[in-house]
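What follows is a set of notes on a single structure, which appears directly below.
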Amino acid sequence: MMTDVYQHVRHHGTINEFVDWADQAELPIVGIDNLPGSVPLETTTLPQNCVLLFGQEGPGLTDAARAGASMTCSIQQFGSTRSINAGVAAGIAMHTWISQWVLTNPDR
């Protein structure tokens, strides 16, 4: 799909390297996970400039990842399913950011 043409992909060997990079780039880290203390994505305004962080399916964000995040947002769900997969969560979170910042400011 040629995502690499319009997305910037950077590899960080550890969560600490990632957090240091985000700090230096002045990009708040927004974790996406349905953990205690998470705020609802549906009612939260995401920072205009940020990086979204998703955990591994199953265990979710690590303690170190949560500590590095400036906020953690959850995605509201109904029924007996505890969580949705990381790909679906990423799509929902990215669309939320687009809805808040790009659709309201098409010149961005």
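The values are calculated or read from the model by the stated rules, or taken from the named source; none is laboratory data. Not measured: the values here are computed from a predicted model. Positions of Cβ are generated from backbone atoms using ideal geometry, with glycine treated the same way; all protein chains shown enter the neighbour counts.
The residue pairs whose first member lies in region 94-108 and is surrounded by 11 or more Cβ atoms within 10 Å (Cβ to Cβ), whose second member is modelled with pLDDT of 95 or more and assigned to a helix (DSSP H, G or I), and whose beta carbons are closer than 6 Å, counting only pairs six or more residues apart or on different chains, are THR96/LEU41.
Collect the residues in region 54-108 that are of a type in the set (Val, Ile, Thr), over 16 Å from ILE15 (Cβ atoms), part of a loop (DSSP other than H, G, I, E, B) and touching a helix residue (DSSP H, G or I) at 6+ places or on another chain (Cβ under 7 Å), keeping them in residue-number order. It would help to see each step written out before you state the result.
Taking region 54-108 as the starting set, the residues that turn out to be of a type in the set (Val, Ile, Thr) are 62, 72, 75, 81, 84, 88, 92, 96, 98, 102, 104.
Now drop any that are not over 16 Å from ILE15 (Cβ atoms), which leaves 75, 81, 84, 88, 92, 96, 98, 102, 104.
If we keep only those that are part of a loop (DSSP other than H, G, I, E, B) too, we end up with 75, 81, 84, 102, 104.
ILE75 - this is the single residue of region 54-108 that is of a type in the set (Val, Ile, Thr), over 16 Å from ILE15 (Cβ atoms), part of a loop (DSSP other than H, G, I, E, B) and touching a helix residue (DSSP H, G or I) at 6+ places or on another chain (Cβ under 7 Å).
The number of residues in region 19-53 being more than 20 Å from HIS95 (Cβ to Cβ), in contact with a strand residue (DSSP E or B) (Cβ under 8 Å, 6 or more places away or on another chain) and assigned to a helix (DSSP H, G or I) comes to 2.
Residues satisfying the criterion are present in region 17-30 (criterion: modelled with pLDDT of 95 or more and in contact with a Leu (Cβ under 7 Å, 6 or more places away or on another chain)).
Yes or no, residue by residue, for (1) crowded, with 18+ Cβ neighbours inside 10 Å; (2) within 19 Å of ASN16 (Cβ to Cβ); (3) of a type in the set (Lys, Arg):
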site	(1), (2), (3)
VAL30	yes, yes, no
SER38	yes, no, no
PRO47	no, no, no
GLY58	no, no, no
ASP63	no, yes, no
PHE78	no, no, no
ILE84	no, no, no
GLY91	no, no, no
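How many residues does region 1-33 contain that are among the aliphatic types (A, V, I, L, M), without any contact (Cβ under 8 Å) to a residue 12 or more places away in the chain and under 19 Å from THR62 (Cα atoms)? Residues that pass the stated criteria total 0. Does GLY79 qualify as being free of Cβ contacts under 8 Å to residues at least 40 places away in the same chain and more than 16 Å from the chain's Cα centre (by Cα)? Against the criterion (free of Cβ contacts under 8 Å to residues at least 40 places away in the same chain and more than 16 Å from the chain's Cα centre (by Cα)), GLY79 qualifies.
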